[in-house]
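Below is one structure, written out as structure tokens, with a few remarks after it.
The values are calculated or read from the model by the stated rules, or taken from the named source; none is laboratory data. A quick note: this is a predicted structure, and the numbers were derived from the prediction, not measured. Ligands, DNA and RNA are stripped out before the accessible areas are found, and what is left, the full protein with its side chains, is counted by its heavy atoms. Shrake-Rupley method; radii C 1.70, N 1.55, O 1.52, S 1.80 Å.
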Amino acid sequence: MQSSNISKNSLFLEQHSPARRKVLLMGALGISAAALAGNKVFAAGGGQSASLAMIGDPQTLDPMLTTADLVGTIMQHVYEPLYTFDAKWNVVPMLAATMPVISDDGKVFEIALREGVNFHNGQKMSAEDVVASLERWSKISPRGKAVAKEIAEIKIISPAKIAIHLNNRYAPLLAQLAFSSSMAAILPKSTIAMPLTQFIGTGPYKLKERRPDQYTIMERFDSYSARTEAPSGYGGKRTAIIKELRFVPVPDSNTRVEGALSGQFTYADLLPVESVKRLERGGEAIVPIITKNFGFPYLVFNTKEGTLQSQAMRQAVQTSMSADELMAAAFGDPRFFIVEPNFFPKGTPYYSDAGAEHYNNNNPKKAAELAKQAGYANKPIRILASRQYEFHYNIAMVLVEQFKRAGLATDLQVVDWATLLQRRNDPKLWDIYITHSGLFPEPMLSPPQLGSGAPGWWDSPEKAASIKAFNDEVDLAKRAPLWGGVQKVVYDQVPFVELGKFNSLSARSSKLQNFLPGAWPFFWNVTLA
């Protein structure tokens, strides 16, 4: 992770007066007058407010319901889990008092809770709240449902201690409890409902107001119960220094760029990499942020229904693809991507080249032969993609051409991100959707298709056996080599295709200080100069 700052004004800013520039932003870039007016009032808060441009509107404020990073990014300011990650991706306690006491057989985790922790409604957190929250998570969360298969029982030992009993040893448990996406959030038992009508957590910010498609506002929680350890990554002491955070949905990536350059936004998330030079020339007021090893784009295949239900057809499609072309189309500048078959980088415990022979083949002739053998009847392959992540759209456009070279018909459906997230839950509506994930140190954290129930609905005896062997082993020295077995099954059965790895581009105002780039940007412990 690194950031850079080059101080020269962009041509865009030099050619327009501030007043005219604002008109251009409103009209040409698609920001509504209401949104701008709101931001103007918001910015008048004397440095106590931050306007944060996100890629869209969260489809829900329930942090358990979705694996969408956008929801996790925003709602991590309101909700907290028992554990989280420090700056080196170690699991550290958050609402838990300490790391758990684990039984000799590895099946029982006793977790002491922090005492005196305040919810936003004034209640104190108790073991009853924690157990009720984890039970809800295990029933409705895509991630929780997968973990629930490993859990025999969750017990209250005392008002400040719980125990999780497992069916078998399960190495990823704490990482799963710490993950921000599809979060195992702790909320008051009294507010638990389906759907949630109150969004009450323990976080440093509380929900103040939401207007769909306009903004979600968080307000500093003055009775926040902070940890005492020094801040490290997502762990340690959290302090809400800025009074209000306004998360503004700005689906058009160029609008986010222009808003960042104009000073409209304090922070702009996930910008197109082709804008890096403009940002670098943007002057001292803007700081481009390049986050290395941010994540990986991948294509999810529908293994439940449709043309790609057939494993042979999925292998044909995989054979047709050129990762070189797709990654170049997505990210352009070689500084922003790597084309390689290993899911984890060299030098990390989980590096493996198992299944590499199936990666980046770019062989349309062989793909056509495989499709014919699979009984392909020229039915269009339905591809869901969104322009809100511009690189998803660029991948989709090139993918269509690659399929065409192999004689595969396509039906490209470009929708907004919220619609894609909704449609992907219905197996009748799609064959492939394009998405991405952060790159995390625990393989079972992502993509969610390694679990069960996630869109794509991959399920096979080979998957179950390889993942069970991997998860049963808690000794890293023995566990790491087992990852190659999982990776090989992914390449053989093609539930998804990872295209490579990429660095992300965002930008912040130079007034926003102490900001740390990360998979889920957070705005506690930061100040506005």
Exercise. Taking a ≥ b ≥ c as the square roots of the eigenvalues of the Cα gyration tensor of region 190-231, is the shape rounded (a/c under 1.5), prolate (a/b larger than b/c) or oblate?
Worked result: oblate
For this session: Using a 1.4 angstrom probe, figure out how much accessible area region 107-214 has per residue, in square angstrom, rounded to the nearest whole.
Result: 40
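What percent antiparallel are the DSSP beta bridges of the chain, to the nearest 5? All intermediate terms of the calculation are to be shown ahead of the outcome.
Values: 54 of 70 bridges.
Beta bridges within the chain, antiparallel portion: roughly 75 percent.
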Exercise. Roughly how many percent of the accessible protein surface of the chain is carbon and sulfur, given a 1.4 Å probe and a whole-percent answer?
Worked result: 51
Seminar exercise, completed: Checked region 477-529 against the a/c 1.5 cut and the a/b vs b/c comparison, axes a ≥ b ≥ c from its Cα gyration tensor; verdict prolate
Exercise. Gain in length, Val474 to Asn254, computed as 0.36 nm per residue apart minus the alpha-carbon separation, to one decimal in nm?
Worked result: 74.7 nm
Problem set entry | Mean-position separation - Cα centroids, region 176-236 and region 371-442, in angstrom | 33
Problem set entry | Residue-normalised accessible area of region 286-326, given per residue in Å² at a 1.4 Å probe | 25
Problem set entry | Solvent-accessible area per residue for region 393-473 (1.4 angstrom probe, square angstrom) | 36
Exercise. Of Lys88/Lys292; Lys88/Lys501; Lys88/Lys277; Lys346/Lys478, which sit over 22 Å apart, Cα to Cα?
Worked result: Lys88/Lys277
For this session: Would you work out if region 386-529 is rounded, prolate or oblate? Take a ≥ b ≥ c from the square roots of the eigenvalues of the alpha-carbon gyration tensor; rounded if a/c is under 1.5, else prolate when a/b is larger than b/c, oblate otherwise.
Result: oblate
